[in-house]
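Step one of this worksheet: look at the structure below.
Each value in this text was obtained by applying a stated rule to the coordinates, not by laboratory testing. Because the structure is predicted, anything quoted here is derived from the model rather than measured.
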Amino acid sequence: MIPFYKDSGYESSFIFSSYCCTSIVNSSNKNIYVSKHNRYAPYPMHTHTFLEVNYMLRGEADEIVGNKEIHLNQGDLLLLDVGCEHSIGYLGTNDLLINILFQDRTINIDLLNSLRSSRSVLYEFLINRKVGVGNRASYLLFRQENGREIQETLDRIIEEYYLQRDYADTIIKAYLSILIAQLVRNYSVDVDKDLTKPQLLITKILQDINDNDDTISLSYVAQKYGYNRNYLSNLFRSTVGETFSEVLTKQRIMHAHTLLSSTQMPVSEVIKKVGISNRTFFYKKYRDYYHKAPRE
């Protein structure tokens, strides 16, 4: 879909700069505020009290987030957490950067990371390694090649925002829920280039656990990668901080939770689906992780 504003007079509807975003959001009952970023002059370091999206609708732009330089190409999306300090470089005539602010203060990067981590032991490991255990990421970057559905949802949000047809606010709220789910689904943490050989091996094993939690075992992994089982077990624990068995159980419970919350599959079938044979064990671990019974 080509958004209605890309090559039409509607582009002039983007009349506000990001400078006034916060004041307008604070005085509005809307869940979202959309504006076109000003061209022809760099924008100095600043922060917002809301989650902010910089969506490169057309052209390219350079930003500095904290002390990191980020280049945005057409279709890229930069998600900036509340209070994240950033600046935006000069935009030319053919560059169109859309700023989107979310008024709902419960939407933040911690939420997205916790949702993603709650479904993948691999993601949990990588994000902890990237920002440090106990620390928090201040931004997430989505490149065009792995976020096409995110772009389409944003295009629809922007279209509804400016056309203001009947039920626009209701539709925008619905799209916001879809957008959050898509952000969680599409974001992946790049494997650091400076990972040691053992760390790269553990990353591969975590991916195996993520992909085959119902059948995988330590013996299988040791044979697959040609390592002694006991050596691999000790290496895994020293790198991840938990045993192979503990991480596998965590992934199985995460998988079960996803199935229980998104399908009509009975609990008994879910238990089998994730590879757990002891029903009592499953119920105990599920309650330990989620503080409620599976049927709840």
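Numbers for the structure displayed
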item	result
Under the Karplus curve 6.51 cos²θ - 1.76 cosθ + 1.60, θ = phi - 60°, whole-Hz ³J(HN,Hα) for the stretch 75-81, x wherever Gly or Pro sits	x, 6, 9, 10, 9, 10, 6
Of Lys68/Lys173; Lys204/Lys292; Lys250/Lys292; Lys173/Lys273; Lys173/Lys284, those spanning more than 25 Å from alpha-carbon to alpha-carbon	Lys68/Lys173; Lys204/Lys292; Lys173/Lys273; Lys173/Lys284
Amide H partners (placed H, <5 Å) of Gln74, local residues excluded	Gly59
Three-way shape label, the stretch 182-278, alpha-carbon gyration tensor, a/c 1.5	oblate
